[in-house]
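The values are calculated or read from the model by the stated rules, or taken from the named source; none is laboratory data. Computed from a predicted model, the values in this text were never measured in an experiment. Cβ atoms come from the backbone with ideal geometry, glycine included; neighbour counts cover every protein chain shown.
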Amino acid sequence: MSTPIHLAAGNPGPLTGAGNNTWLLSGAETALIDAGTGAPSHLEALARRLDGRPLADVFVTHGHPDHAAGVPALRSRWPNLRAHKWLTEADAIDDWIPLTAGQRVVAGDRTLDVIYTPGHAVDHVCFWDADRRELYGGDMLISGTTVIIPAGHGGNLRAYMASLERIDALKPVRIFPGHGPTIENPGHLIGIYLAHRREREAQILACLAEGIVSADAIVARLYPDISEAVRPAARLTVSAHLEKLREEGEP
């Protein structure tokens, strides 16, 4: 069984870091995990790796543009491409083959299980290689930083933490993420992520106790040195914490 081939999507930025990862799985019919944004450099690198073979399938972890917007460009290059995604009401059914929780899909020379992991996005899924105990994790975990939970835009912190625990229960030995380097010790990083969210929640509760109640004011207190480029992301995450506290009946 071949090793997944990392292909950079060619879209660096304040929120994407060095850019997105996509993962090419070789086999009788080649498959790509996540679509990138359609950057010409990505398409050319993919074509070189395929070496004349068609790209049969793309499996999208969620519908955020940096993961899904490249599908039309991929289809223009490989017209028979099948695109798979967890569907939302906003998705056109004719554009996608729908994914369902627990579904088993063939991707290259692997059989992967679809794990529904909402929280970062309402349509977020991961792909689990049970034979190798490896996970294609999308935006669930990123080494060296945290994941934005976009409250009001499909993000939900309670769902996200439950999804982290669902992944942890699988005991993966390796995660191939949507951003950043391959995660070689997933259980350790999941523990750090969960502890970080609980610590941030305690800080926000302390702000509320002091009468600091708006998301903007909490961001100013907790992220005093944050750059303007990522301030909106911090506000979304604080808002997600506030939403979780309201759902749990906290003040």
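Within the span defined as the range 13-34, one or more residues are surrounded by 22 or more Cβ atoms within 10 Å (Cβ to Cβ), within 13 Å of the chain's Cα centre (by Cα) and assigned to a loop (DSSP other than H, G, I, E, B).
Among the residues of the range 63-109, those that are part of a loop (DSSP other than H, G, I, E, B) and closer than 21 Å to LEU43 by Cβ comprise GLY63, HIS64, ALA69, GLY70, TRP78, PRO79, ASN80, LEU81, TRP96, GLY108. Scanning the range 138-179 for residues that are surrounded by fewer than 16 Cβ atoms within 10 Å (Cβ to Cβ), at positive phi and either at pLDDT 95 or above or not small (Gly, Ala, Ser) (or both) turns up just one, LYS171.
The set of residues in the range 174-209 being without any contact (Cβ under 8 Å) to a residue 40 or more places away in the chain, part of a helix (DSSP H, G or I) and among the charged types (D, E, K, R) consists of ARG198, GLU199.
Considering (1) assigned to a loop (DSSP other than H, G, I, E, B); (2) surrounded by fewer than 20 Cβ atoms within 10 Å (Cβ to Cβ); (3) touching a Pro at 6+ places or on another chain (Cβ under 7 Å); (4) aliphatic (A, V, I, L, M), say which one ILE212 fails and leave the rest. With (1) assigned to a loop (DSSP other than H, G, I, E, B); (2) surrounded by fewer than 20 Cβ atoms within 10 Å (Cβ to Cβ); (3) touching a Pro at 6+ places or on another chain (Cβ under 7 Å); (4) aliphatic (A, V, I, L, M) applied to ILE212, the lone miss is (3).
Cβ separations smaller than 8 Å between residues 6+ apart or across chains give the following pairs from the range 49-78 residues that are more than 14 Å from GLY36 (Cβ to Cβ) to residues that are assigned to a loop (DSSP other than H, G, I, E, B) and among the polar types (S, T, N, Q): PRO54/ASN80; ALA56/ASN80. Filtering the range 90-115 to residues that are surrounded by 15 or more Cβ atoms within 10 Å (Cβ to Cβ) and farther than 18 Å from ASN80 by Cα leaves ASP91, LEU99, GLN103, ARG110, LEU112, ASP113, VAL114, ILE115. One residue alone among TYR193, TYR223 is modelled with pLDDT of 95 or more, surrounded by 14 or more Cβ atoms within 10 Å (Cβ to Cβ) and hydroxyl-bearing (Ser, Thr, Tyr), and that residue is TYR193.
Among all positions in the range 42-59, there is no residue which is touching a Gly at 6+ places or on another chain (Cβ under 8 Å), part of a loop (DSSP other than H, G, I, E, B) and either at pLDDT 95 or above or among the β-branched types (Val, Ile, Thr) (or both).
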